[in-house]
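These notes are about the structure you will find just below.
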Amino acid sequence: MIRGPAYDAFFRSVFAGMDPESAHHKAFAAIRAAAPVTRRVVRVPASPRTVMGIEFPHAFGLAAGFDKNARAVPGLLGLGFGHVEIGTVTARPQPGNPKPRLVRLVDDRAVVNRMGFNNDGAAEVASRLHRLRRRAVGRDAVIGVNIGKTKITPVEHAVDDYVESARLLAPYASYLVVNVSSPNTPGLRDLQSVDALRPILAAVRDVVGTVPLVVKIAPDLADEDVDAVADLALELELAGISATNTTVDRPDSLTTPRAEIEAAGPGGLSGPVLAPRATEVLVRLRDRVGDRLALIGVGGVATPEDVRARLDAGADLVQAYTGFIYGGPAWPARMACAAHR
């Protein structure tokens, strides 16, 4: 496999000049095609850990966003990810936002995305997961399912929308994530307020039964709002919190020229620049909840050192996505080795 500096050169000469969404589809197809080989060839040290009552092969996994429709889970696991979080899936199929909706900031190894939850809908994804779970490769795979609100669903009907997705998908999920933190669906982040979030989480919890339930929050929440969500998660006896999603901020620490950043347009920013705030939120959550909730550390994880730092900061599991774009096919196995402890 191409790795390290060689992949950097390959990326800049091939993928950097390609439309990001087209590049994603080509890489996605290659991962699916190579699955029978990678599952035999790629080896990662076993470091099992039990989190939320689930045995994970190791602590490092793929965050939601890469495989929205559960089409490449075996191939992704074959590259070395210990678990794959699919989605975000909505109750109804939807095309997402108009293109272009994915922009790279290569100098910062970052991405701006405004995809808008483009996916096949909960019924179709549930059917796909049902078939995958009947195969040997999918039977024991750790698959998280991330659900969000359908764009056309009014906010006042958000509870019913999330419940429909949960009802269809929970039977095939190792754990379920309620995503109220994407910046790309109008009004979605407003659902992070405790008054709006409580009925959603309570209703979904009642539907999923014993399937562990997690809520995913934004890095842009004020500290007191982070505390409020943590307290709500404890009150409702959720399994965990995922921290964090992408940010709408454009920090001064970005090295990409400001004109290029502005040209990238609105959307969620991901990449190493997100790491300081994501880690800060993680530490705050751990201080708040102690060992009563599982915490998934995500946001700005790009190197093996980042994995270890997130575990040291209190994460039970660590996820990444943008780092995969810039790291290449050997990157998941390298990251998984860092989670071996």
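Please enumerate the residues belonging to segment 301-328 that are farther than 19 Å from residue 146 by Cα, touching a Ser or Thr at 6+ places or on another chain (Cβ under 8 Å) and not in a helix (DSSP H, G or I).
302, 313
Looking only at segment 15-34, how many residues end up being more than 21 Å from the chain's Cα centre (by Cα) and either closer than 16 Å to residue 322 by Cα or assigned to a helix (DSSP H, G or I) (or both)?
Of the residues in that region, 6 qualify.
Taking segment 226-248 as the region of interest, how many residues are part of a loop (DSSP other than H, G, I, E, B) and more than 20 Å from residue 64 (Cα to Cα)?
Here the count works out to 2.
Would you confirm, using the coordinates I've provided, whether residue 35 is within 23 Å of residue 103 (Cα to Cα) and modelled with pLDDT of 85 or more?
no
Identify the residue in segment 289-300 that is touching a residue at least 40 places away in the same chain (Cβ under 8 Å) and not in a helix (DSSP H, G or I) and, among all such residues, is farthest from residue 254 (Cα to Cα).
Checked segment 289-300; the qualifying residue farthest from residue 254 (Cα to Cα) is 292.
Of the residues that sit in segment 45-63 and are open to solvent by 20 Å² or more (accessible area, probe 1.4 Å) and modelled with pLDDT of 90 or more, which one is farthest from residue 319 (Cα to Cα)? First the steps, then the outcome.
From segment 45-63, those open to solvent by 20 Å² or more (accessible area, probe 1.4 Å) are 45-46, 48-50, 52-55, 57; that's our starting set.
Okay, now just the ones that are also modelled with pLDDT of 90 or more, so 48-50, 52-55, 57.
Working: 48: 16, 49: 15, 50: 16, 52: 16, 53: 18, 54: 16, 55: 16, 57: 14 Å.
Across segment 45-63, the extreme among qualifying residues is 53.
Tell me, which helices (runs of 4 or more DSSP H) wholly within segment 95-213 include 3 or more residues that are buried (at least 19 other Cβ atoms within 10 Å of the Cβ)?
Numbers: elements: 122-133, 136-139, 158-169, 194-208.
The qualifying helices (runs of 4 or more DSSP H) are 122-133, 158-169, 194-208.
Each row is one residue, and each column tells you yes or no for (1) open to solvent by 20 Å² or more (accessible area, probe 1.4 Å); (2) free of Cβ contacts under 8 Å to residues at least 40 places away in the same chain; (3) under 18 Å from residue 85 (Cβ atoms).
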site: 248; (1), (2), (3): yes, no, no
site: 260; (1), (2), (3): yes, no, no
site: 278; (1), (2), (3): no, no, yes
site: 287; (1), (2), (3): yes, yes, no
site: 304; (1), (2), (3): yes, yes, no
site: 309; (1), (2), (3): yes, yes, no
site: 335; (1), (2), (3): no, no, yes
site: 339; (1), (2), (3): no, no, yes
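The values are calculated or read from the model by the stated rules, or taken from the named source; none is laboratory data. Keep in mind it's a predicted model, so treat the numbers as computed, not measured. Please note: Cβ atoms are built from the backbone with ideal geometry, for glycine as well, and neighbour counts cover all protein chains shown. The protein model used for the area step is the full one, side chains on, heavy atoms only, and it has no ligands, DNA or RNA in it. Shrake-Rupley method; radii C 1.70, N 1.55, O 1.52, S 1.80 Å.
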